[in-house]
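Working notes for the structure below.
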Amino acid sequence: MKLRNVGVVYRKELIDQLRDRRTVISMIVIPILLMPLLSIGFVTLAVKLLQRTQQEGYAVMLIGEEHAPTLAERIRATEGIRIVPFAPDYKQQINDKKLRLAIEFPPGFEEEMKSGAGSPPVVKFYHFSGELRSQLALRTVQKVMQDYRKEVVAQRLEARNLSTAILEPFKSEEENVAPPEKVGGAQLGGLIPYFIIILSLTGAMYPAMDLTAGEKERGTIETILASAVRRSELVVGKFLMVLTASVTTTLLSLASFALTIVLTAGAAGSMPGGSGGPGSSKGLVFVISGKALAVVFFMVLPLAVMFAAALLAIALLAKSYKEAQSYISPLMIVVILPAIFSLLPGVELTPKLALVPILNVSLVSKEILSGNYPWGTIVLIFASSCMYAAAALFVAVRTFQNESVLFRT
Amino acid sequence: MKLAHAIIVFRKELTDALRDRRNVFAVLIFPVVVFPLLSVGFGEVAESSVKKLRTQKASLMLIGAEHAPGLAEKLRTHEGFEVIPYSPDYARQIGDKKLRVALEIPSDFERQVKGEAGGEALPSLRIYYYSAEPRSEAAARRLEEVLRDYRDMIVEQRVTARGLPAALLHPVEARAQNVASAEKVGGLKLAGMLPYFIILLTLTGAVNVATDLTAGEKERGTLETILSTAVGRSELVLGKFLLVLLSSLVTSALALASFSFTMQFAKSYTQEMTRGHAYSISLTAVAAVFLLVLPLAVFFAGVMLSLALFARSFKEAQGYVGPVILLSILPAAMALMPGVEFSAKLALLPVVNVSLLAREIFTGSFPWGLIGLVFGVNCVYAAAALFVAVRQFHREEVLFRA
């Protein structure tokens, strides 16, 4: 195998791919521009729809309002709540999402609050379990109730000449001690490896099909085989082209993805009902170190080699573009699944998982992006990915040397 | 235009598509076997990982445990925490995910609480955690709960110590009651996923066939031969269009059937999705959704045919079709967004209308007026797409682009 011949094949394929400007534009420029624009439009629309209903307020019905005038007045004055007049079919209305919440006050509520003599009266909230707007309305009203309850307790203590200070024995505060780049890594850490892995696959898909099944369909593969270039040189040249496409797509899409995030972060931050964990109200912080990104990219490289070689070998089996497509689309789902593991909250890297091809890169990248560098594991995973990549490349070369595959009927 | 000719073209394309057994197999195996297995399998894994998050013991470090022996004892015996010995580098350990959460207790805590200090002297507990890291956040939340209970307990003790009833502290009892039917609650999650998958499969079912029947013919050089036959252009488009439509409908129908079949076997996953409520899809719902999807499939088939015909090669067609898929995925995903609801204005947006309305239908509401409106609107879009496709086939400069 001569490296120079490989270079010739590679250059020929590269020129071939880049010659058709329109195709280059449709394959690269459109997706890169479209992705951020679409996501922005979509997020803006969704946010607008949600904001509009928030401004209108959630429809809430009060049942037996006259039993609790003080509390009812409070709820009426609450922002984001729109009180609708009583109707007996409130349960049906909640089912139809016309009404979000109904609150039932028992008779004698107000008097009981004042006297505190009997057992506590029961206030019933009728809601639609699991439905977002109903839950938001419920949470808002419950907060009002909470404040009201505290007031009543304070009044009762005062009536007995006791200090309300006894109600608060101590304070508690929460503090994030992880550095900002780790927080950014935890927020986005799962998403980035997922995207890089998927992109390195999709970027390799079309060139791999075009350079093998496409050649068969155009009837040009025989001509190339008749040239002075050897089979192995031919495969490696084609393989390098596919790898180039894969890496380029990944880098370009990542750039556009970063742009999308920067542009939509403002809009997405104002979405209600997001993750309501402690401290998340501070808004999203996107701090990711360049070193981490570089190491992640380095980890994905052998993976891209494996994808390129595997796709070449599979697409070469097909007689036509159509057939290649139907072999490769299921493959995509098979790759997406292990990649998605990095998005799951509870899954962490174990030595056993370090040997599972795509999953290991996905999980270790997540660690790296959140600032942890388990170097032993990183080297192990890199080495195992390289082995998988070499095996895939070997299979691709072997497939090209198999006449019965090249000229299937 | 003769319908008989269109049908001949359709039969020819159908035979052509079905001839290659291996290809048919590969096309079918994806929606029928791979797709439901993977989605259910993934759901199971996701569910078990969330469950693990909920039940696993979280490591907790107490800083100054000796200042609050009562609270420390409560935390040591708590089943959700594993208290580990103190070490000064707790902040770094939290960042390295070796430790989930740490609680700092100020000196004199117990004494101040006993002495009922107030105002400035109020003792303050600090929870140290790793923001945005799910396990650390879950541990911090659990710790807050324990603190809240502890606080309530102290307040109650203080009140009873003064000879007052503890009931004084609980003036109201709030009781939340779900009034939505089990079917609606159970269908909430599934009902958002189903339209998304149906729309996506309707689209992907059309894509490969549409590119093969247009750009593929150009690339193979067989388009000229077909055009020279006695069949008219419109009949040709219609025949090709019918095959694309068939493929689109068959793909989504097969996937749905196999999906509901798989759901029967993945009980734990299904129950998680429906929150343990009974949920089934009525025949009326299936029929209504089919009514909505039909014009959408026609629309997709028309759009895909016109786009792919414009391309000179398979590769170029991929470039055009890819963005359209992206363009449809996002509106289809609208149904997955909680809180976004259908309104008459949204009925005019092509894919969004089906996505949101189908979700309503799957949760058991049948707003027939809106269903009729969306059906009508989508028929207009479908007719327009079909019209464009026919026009494209009549234009020589599109058919023989250089």
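Laboratory data are not the source of any read-out in this text; all were calculated from the coordinates shown. Being a predicted model, the structure only gives us computed values, none of them experimental. Reconstructed Cβ throughout: ideal geometry from the backbone, glycine too, with neighbour counts over all protein chains shown.
Here the simple spin-label model places points 7 Å from the Cα toward Cβ, and for B:Val388 and A:Lys91 these points are separated by 5.0 nm.
For the pair B:Phe261 and A:Ala390, a Förster radius of 41 Å applied to the C-beta separation gives a FRET efficiency near 0.50, rounded to the nearest 0.05.
Stretch B:Ile325-B:Asp152 to full length: gain in nm at 0.36 nm per residue minus the Cα-Cα span?
Working: separation 173, 0.36 × 173 = 62.28 nm, distance 5.52 nm.
My answer for the length gained is 56.8 nm.
Amide H to amide H, with H built 1.01 Å from N, A:Val123 comes under 5 Å of B:Glu173, B:Ala174, B:Arg175, counting only residues 5 or more places away or on other chains.
Taking the centroid of alpha carbons for each part, region A:391-407 and region A:317-371 are 24 Å apart. A simple rule links phi to the HN-Hα coupling: the Karplus curve 6.51 cos²θ - 1.76 cosθ + 1.60 with θ = phi - 60°, which for region B:108-116 gives 6, 3, 4, 5, 5, 5, 4, x, 6 Hz, with x for Gly and Pro.
Summary of packing: across the peptides B:303-309, A:210-216, the per-residue average of other C-beta atoms within 10 Å ranks them, highest first, as B:303-309, A:210-216. Any idea how far the Cα center of region B:188-263 sits from the one of region A:212-247, in Å? Here the two parts' Cα centres lie 31 Å apart.
With the cut-off at under 11 Å, measuring from each backbone N in region B:345-374 to a point 7 Å along the Cα-to-Cβ line of B:Leu291 picks out B:366-374.
Averaging the Cα positions of each part gives two centres, and for region B:329-373 and region B:312-326 these lie 28 Å apart. Only Lys, Arg, Asp and Glu carry charge here, each on its Cβ (+1 for the first two, -1 for the last two); on that basis region B:154-216 has a dipole of about 380 debye about its Cα centre. If exposed chymotrypsin sites (Phe, Trp or Tyr not before Pro) are those in a DSSP loop with at most 15 other Cβ within 10 Å, what is the longest stretch of chain B that has none? Longest run free of exposed loop sites: B:87-399. Need the full-extension length gain, A:Arg408 to A:Ala255, defined as separation in residues times 0.36 nm minus the C-alpha distance. One decimal, nm. Result for the pair: 51.0 nm of gain on full extension.
Have a look at the DSSP beta bridges in the protein assembly as shown and tell me what percent are antiparallel, nearest 5.
Details: 8 of 36 bridges.
Roughly 20 percent of the beta bridges in the protein assembly as shown run antiparallel, per DSSP.
Just flag the trypsin sites (Lys or Arg not before Pro) in region B:53-120 sitting in loop per DSSP whose Cβ has no more than 16 other Cβ atoms within 10 Å. It would help to have the intermediate numbers written out before the result.
On the way: sites: B:Arg54, B:Lys57, B:Lys74, B:Arg76, B:Arg92, B:Lys97, B:Lys98, B:Arg100, B:Arg111, B:Lys114; in loops: B:Lys57, B:Lys97, B:Lys98, B:Arg100.
Of the trypsin sites (Lys or Arg not before Pro), the ones in loops of region B:53-120 whose Cβ has at most 16 other Cβ atoms within 10 Å are B:Lys57, B:Lys98.
Take B:Val351, A:Val122 and order them by how many other Cβ atoms sit within 10 Å, fewest up front. Please report the intermediate quantities before stating the final value.
Numbers: B:Val351 24, A:Val122 13.
Ascending Cβ contact count within 10 Å gives the list A:Val122, B:Val351.
Show that you can apply the helix-only estimate: for chain B, add -39,500 (n - 2.57) for every DSSP H stretch of four or more residues, divide by all residues, and state [θ] at 222 nm to the nearest 500. Walk me through the intermediate numbers first.
On the way: 17 runs with 266 residues, N = 402.
Mean residue ellipticity at 222 nm (helix-derived): -22000 deg cm²/dmol.
Across A:Glu168, A:Glu233, A:Glu112, mean-square fluctuation computed from a Gaussian network of chain A (C-alpha pairs under 10 Å connected) peaks at A:Glu168. Could you check which residue among A:Val43, A:Val379, A:Val236 shows the biggest mean-square fluctuation in a GNM of chain A with a 10 Å Cα cutoff? It is A:Val379.
Would you calculate a helix-derived [θ] at 222 nm for chain A, using -39,500 (n - 2.57) for each DSSP H run of n ≥ 4 and dividing by the full residue count, to the nearest 500? Could you put the intermediate results ahead of the total?
Working: 17 runs with 269 residues, N = 409.
For chain A, the value works out to -22000 deg cm²/dmol.
As a proxy for reagent exposure, A:His67, B:His394 were ordered by neighbouring Cβ count within 10 angstrom, fewest first; the result is B:His394, A:His67. Once label points are set 7 Å from the Cα along Cα→Cβ at both B:Arg401 and B:Asp108, what is their separation, rounded to one decimal in nm? For the pair B:Arg401/B:Asp108, the computed spacing is 8.1 nm.
Taking the Cα centre of chain B as origin, work out the dipole magnitude from +1 charges on Lys and Arg Cβ and -1 charges on Asp and Glu Cβ, in debye rounded to 20. Walk me through the numbers before you get to the answer.
On the way: 42 positive and 36 negative charges, 164 e Å.
For chain B, the charge dipole is close to 780 debye.
Averaging sequence separations of C-alpha pairs under 8 Å and six or more residues apart, then dividing by the length of chain A, give the relative contact order as a whole percent. Display every interim value, and only then the final one.
On the way: 474 pairs, mean separation 85.6, N = 409.
Relative contact order for chain A comes out at 21 percent.
Shielding of peptide A:326-338 by partners, expressed as the average count of other chain Cβ atoms within 10 Å per residue Cβ, is 4. Counting other Cβ atoms within 10 Å of each Cβ, which trypsin sites (Lys or Arg not before Pro) in region A:354-409 have at most 13 and sit in a DSSP loop? Listed in order of number, the matching sites are A:Arg408. Taking Cα atoms only, the orientation of helix A:191-211 departs from the longest principal axis of chain A by about 30 degrees. Spin-label model, B:Ile63/A:Leu355: points 7 Å from Cα along the beta carbon direction are separated by 4.2 nm.
Looking at region B:138-245, the trypsin sites (Lys or Arg not before Pro) that sit in a DSSP loop and have at most 16 other Cβ atoms within 10 Å of their own Cβ are B:Arg162.
Quick one: order A:Tyr58, A:Tyr126 by neighbouring beta-carbon count within 10 Å, fewest to most.
Details: A:Tyr58 19, A:Tyr126 24.
Least to most surrounded, the residues fall as A:Tyr58, A:Tyr126.
The HN-Hα couplings worked out from phi for region A:157-164 by the Karplus form 6.51 cos²θ - 1.76 cosθ + 1.60 (θ = phi - 60°) are 5, 4, 4, 9, 6, 10, 6, 6 Hz, whole numbers, x standing for Gly and Pro.
Please report the antiparallel percentage of the DSSP beta bridges confined to chain B, to the nearest 5. Numbers along the way, then the final one.
Values: 4 of 12 bridges.
Roughly 35 percent of the DSSP beta bridges within chain B come out antiparallel.
Helices assigned as whole DSSP H runs in chain B whose Cα atoms extend at least 15 Å along their own long axis and whose mean Kyte-Doolittle hydropathy is 1.0 or higher are found at B:182-211, B:233-265, B:283-310, B:350-362, B:368-394.
If contacts are Cα pairs under 8 angstrom and at least 6 residues apart, what is the relative contact order of chain B in percent?
Taking the mean separation of contacting Cα pairs over the length of chain B, I get 20 percent.
Across peptide A:181-187, the mean count of Cβ atoms from other chains lying within 10 Å of each residue's own Cβ comes to 4. Rg/Rh, computed from the Cα trace of chain B with Rh as the Kirkwood radius, has the value 1.19.
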